[in-house]
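The values are calculated or read from the model by the stated rules, or taken from the named source; none is laboratory data. Since this is a predicted model, take the numbers as computed values, not measurements. Cβ placement follows ideal geometry from the backbone for every residue including glycine, while neighbour counts extend to all protein chains displayed.
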Amino acid sequence: MAGRINDDDVKAVRDAVPIDAVVSEYLQLRGAGGGQLKGLCPFHDEKSPSFHVSPSKGLYHCFGCQEGGDTLDFVMKLEHLSFSEAVERLASQAGITLRYEQGGYRPGRQQGERTRLVEAHKAAAQYYAEQLESPEAETGRRFLADRGFDGTAAARFGVGYAPAGWDHLVRFLRGRGFTDKELVLSGIAQEGRRGPIDRFRGRLIWPIRDITGETIGFGARKLREDDNGPKYLNTPETPLYRKSQVLYGIDLAKRDIAKHNRAVVVEGYTDVMACHLAGVTTAIATCGTSFGAEHIKILRRLLMDSSSSHSAGEVVFTFDGDAAGQKAALRAFEDDQKFAARTSIAITPGGMDPCDLRLAQGDEAVRELVEAPAPLFDFAIRSVLRHHNLDTAEGRSAALEHAAPIVARIKDGSLQHEYAVRLAGLLGILDETFVVRRVGRVARRERERREPSGPGGPRPRGPARHESAPAPRAAAPAAGPRGPALHLRSPAHRVERELLKLALQYPGLVSPAFDAYGDDEFTAAPYVVVRQVITAAGGTTGAGEEYLARVRDAAPDDTVRALVTELAVEPLRTPREPDAAYAGEQLVRVRLAAVDQRITEMEGTARRLEAQGRTDDATAVRQELWVLQQYGRALREKGAAAL
């Protein structure tokens, strides 16, 4: 059983790795005001960014799907890791050696499974790279040289060589302390008649890395005639490697994809290498599978591919001009609607891929290829028309029926109209209006198929929200006052929410007054719980460095902890930097609402006592009521000074 990681080391890891640096490995972040950052949420599909990161607090929260937490929570949820594996991963990045309660430093097999598999891949990649210099690897070096790649290029991409023997790598990794079970589970080895054998033998090797740069698999190209395997052989599906979620070169391209708002999708490892060496540093490729939905999600996050973005990104697909390349391009077109970005296609001349193009015409030709792509819609339309005889009325009619659905799928209405007119020209139909109407009917039919209509159809759930963030999930306290249902349109609840945000984000501005507030001054049940949690964590007075961590740890369950995180990350409702005056306004408004509520209750009590003839009791209540009214007047006139 794995030893428990020392608590001080866990804290050191949290402090050493900024949350914005970790999140930026997976998605593009932009300023959201108040020192906050935002991007497209990696945990659910969305059109507009609602995923907020607070670097100063080390927390994140998505106001769309309600996921939130600290740096470790983010890595655990996104990479499906255990707590210890997430700590080990971030510790490795920060260069921190972890101590385990049952095993001292670097416990080897006590580490989490994923960490062990990553380390096995790292060692294997190093081994393969070293083997590329061996005499046996001459064929591999010649293969690279024939395609314009020297030793420096091979080292840049970590290209290596797998020896032709049965178990060279297995024996090497056993010597590093890895078990046979780990080697088979990783996909580096496979079961043989007498135990594990190397999966890749006598092949050129490309390490496949995830978006953070960790090696999670390999792609292997055969070099020998007696190799009866496929031309390219990839790591099988493993706990680390899922080909539908992997993009070769993404670790090298991610920053420039975000910077230039463009991604270039090519077909193979050597194409990625050729593009990057030619200066097209946004090139990536799939690994043994077609470009699909999971790949789109990765690129959308890096491109900040939102429907509300003012600067739409671009995805350029490059394919060979042969039949297979055109078929691949049409498959890419099928996914076009999943992007907000522009999608274009660059068809290489003469059936050459980018690697061949660079070899034949140089780096400039590769750059020119991706700088002048054609819209993917235009390519798709022309591909359909190519299969029909447009010299006959029957051929033109059939071509219109096949091409109209393609034009109808264009999201931009004005662009759809322009392409409909262009389609009429390509078909040679003089009546442009007829073609435009035909495309319009197809588009309407498609919309009706996707979206239920009519009074009897399903309605979107929940009211439209006009707030910067959705309402949190209600978390009723185990005991104590229960307020009305939380409703962000209620001014009282908005003010309570703002005060709690200040208490979590800027405790010094509301201390010590906030700590003197009672639970009954908060009318929303979830906010009562948060108020209690802050008190349990020691209050705002002397909040200190670990204040937020203490508050989150004091939460009775995950629901309350998520609400605390949400309030700690959500921007305040003021456009200016919060100060003591702004904090005082919120303190006064919450206290005044409680005072007014108490005055109403006491007025009713006094009248009931007077009606019952209990004059003495009524007089006592009236005296207390007068004091409370004077306090309310002072709050209105003097503000925070009257607290």
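Could you pull out the residue among T282, T286, T212, T270 that is within 26 Å of S92 (Cβ to Cβ) and of a type outside the set (G, A, S)?
The conditions single out T212.
One line per residue, one yes/no per condition, for (1) touching a residue at least 24 places away in the same chain (Cβ under 8 Å); (2) in a helix (DSSP H, G or I); (3) buried (at least 17 other Cβ atoms within 10 Å of the Cβ):
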| residue | (1), (2), (3) |
| --- | --- |
| G538 | no, no, no |
| D553 | no, yes, no |
| P556 | yes, no, no |
| R576 | no, no, no |
| L592 | yes, yes, yes |
| D596 | yes, yes, no |
| R607 | no, yes, no |
| W626 | no, yes, no |
| R636 | yes, yes, no |
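Do you know which residues across the range 404-423 are at pLDDT below 90, among the small types (G, A, S) and either exposed (fewer than 14 other Cβ atoms within 10 Å of the Cβ) or over 14 Å from E446 (Cα atoms) (or both)?
Correct list: G413, S414.
Being touching a His at 6+ places or on another chain (Cβ under 9 Å), under 27 Å from Y60 (Cα atoms) and among the β-branched types (V, I, T) narrows it down to one residue among T565, T574; which is it?
Details: T574 fails: touching a His at 6+ places or on another chain (Cβ under 9 Å).
Only one candidate qualifies: T565.
Collect the residues in the range 116-156 that are acidic (D, E), within 21 Å of H276 (Cα to Cα) and within 30 Å of the chain's Cα centre (by Cα), keeping them in residue-number order.
Matches in the range 116-156: none.
Counting just the residues of the range 359-397 that are among the β-branched types (V, I, T) and in a helix (DSSP H, G or I), which one comes out surrounded by the most Cβ atoms within 10 Å (Cβ to Cβ)? Break it down stepwise before answering.
Initially, the range 359-397 is screened for residues among the β-branched types (V, I, T), giving 366, 370, 381, 384, 392.
Now drop any that are not in a helix (DSSP H, G or I), which leaves 366, 370, 381, 384.
On the way: V366: 28, V370: 23, I381: 23, V384: 20.
Checked the range 359-397; the qualifying residue surrounded by the most Cβ atoms within 10 Å (Cβ to Cβ) is V366.
Can you run down the residue pairs with Cβ atoms below 9 Å, 6 or more apart or on separate chains, where the first is in the range 508-520 and outside any helix (DSSP H, G or I) and the partner is surrounded by fewer than 20 Cβ atoms within 10 Å (Cβ to Cβ)?
As it stands, the answer is S511/G539; S511/T541; S511/G542; P512/G539; P512/T541; Y517/A594; G518/A594, since those pairs meet every condition given.
Go through the residues of the range 474-495 one by one and say whether even a single one is modelled with pLDDT of 80 or more and of a type in the set (A, V, I, L, M). Spell out the reasoning first.
Within the range 474-495, the subset modelled with pLDDT of 80 or more is 493-495.
Checking the rest, the ones that are also of a type in the set (A, V, I, L, M) come to 495.
For the range 474-495, residues modelled with pLDDT of 80 or more and of a type in the set (A, V, I, L, M): present.
From the list G202, G158, exactly one residue is at pLDDT 95 or above and touching an Asp or Glu at 6+ places or on another chain (Cβ under 8 Å). Which is it? Give the derivation first.
Numbers: G158 fails: touching an Asp or Glu at 6+ places or on another chain (Cβ under 8 Å).
Just one listed residue meets the conditions, G202.
What's the total number of residues in the range 386-396 that are over 19 Å from A346 (Cα atoms) and out of contact with any Gly (no Cβ under 7 Å at 6 or more places or on another chain)?
6
Specify the residue that is farthest from K259 (Cα to Cα); the eligible residues are those in the range 15-35 that are surrounded by fewer than 19 Cβ atoms within 10 Å (Cβ to Cβ) and in contact (Cβ under 8 Å) with a residue 40 or more places away in the chain.
A16
Can you list the helices (runs of 4 or more DSSP H) found entirely within the range 109-176 that contain at least 2 residues being aliphatic (A, V, I, L, M) and not assigned by TED's automatic domain parsing to the domain that holds A220?
Helices (runs of 4 or more DSSP H) meeting the threshold: none at all.
Within the range 177-189, restricting attention to residues that are buried (at least 17 other Cβ atoms within 10 Å of the Cβ) and in a helix (DSSP H, G or I), which residue is nearest to the chain's Cα centre (by Cα)?
Only one residue tops the list, namely S186.
Just to be sure before I move on: is G321 assigned to a helix (DSSP H, G or I), at pLDDT below 85 and surrounded by fewer than 21 Cβ atoms within 10 Å (Cβ to Cβ) in the structure I sent?
Working: assigned to a helix (DSSP H, G or I): no; at pLDDT below 85: yes; surrounded by fewer than 21 Cβ atoms within 10 Å (Cβ to Cβ): yes.
Judged against the criteria, G321 is not a match.
Any residue in the range 520-536 that is surrounded by 17 or more Cβ atoms within 10 Å (Cβ to Cβ), modelled with pLDDT under 60 and touching a Leu at 6+ places or on another chain (Cβ under 6 Å)?
No, every residue in the range 520-536 fails to be surrounded by 17 or more Cβ atoms within 10 Å (Cβ to Cβ), modelled with pLDDT under 60 and touching a Leu at 6+ places or on another chain (Cβ under 6 Å).
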